[in-house]
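The values are calculated or read from the model by the stated rules, or taken from the named source; none is laboratory data. Since this is a predicted model, take the numbers as computed values, not measurements. Methodologically, a virtual Cβ is constructed for each residue, glycine included, from the backbone with ideal geometry; neighbour enumeration extends over all protein chains shown. Note: areas computed on protein heavy atoms with side chains; ligands, DNA, RNA excluded. Shrake-Rupley method; radii C 1.70, N 1.55, O 1.52, S 1.80 Å.
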Amino acid sequence: MSDKLIIDREIVFFHEKACNAQAAGTSMIVCNFENTPMGMAAIASPPCNVTIPVISLGSVDCAFLKKNIQTITITLQKPASTSALEQDGSFDNGIIAHEYGHGISTRLTGGPGNSNCL
């Protein structure tokens, strides 16, 4: 798999984007509109079994990537280690509880115009 698909974060779910990238035979880089990477959380019924490399980058890194896409090489590799430091945060109960706290306090959920979305 040599091609990488750079996708801007929008309203389409990450799993749907990853399934489309996988069907196109590419890996996927998600560009966040904020300067922080976003995770792709596990969902109960994904549209496909995502097996491609998927990473997320903040807006500053993505701007650099897009500006220099013709002159740089990107390689996505599976980590050599599977220690707890390199596992998906979706499986960490501390993160799940923290994010749920945002929902029950209506703080930072749904954007500034829709804080009652949960």
Practice task
Scan the stretch 48-57 residue by residue and report those that are of a type outside the set (A, V, I, L, M, F, W, C) and within 10 Å of the chain's Cα centre (by Cα).
Solution key: Ser56
Fill in the blank from the handout: Pairs returned, first residue in the stretch 4-15 that is open to solvent by 60 Å² or more (accessible area, probe 1.4 Å), second residue that is assigned to a strand (DSSP E or B) and at pLDDT 80 or above, beta-carbon separation under 6 angstrom, 6 or more apart or interchain, are Lys4/Ser27; Lys4/Ile29; Leu5/Met28; Asp8/Cys31; Arg9/Val30
Handout entry: Meets criteria (modelled with pLDDT under 80, of a type in the set (Gly, Ala, Ser) and under 18 Å from the mean Cα position of the chain (by Cα)) for Ser105
Key = no
Completion exercise
Counting only strands (runs of 3 or more DSSP E) wholly inside the stretch 1-98, the ones holding at least 1 residues that are modelled with pLDDT under 80 are 4-8
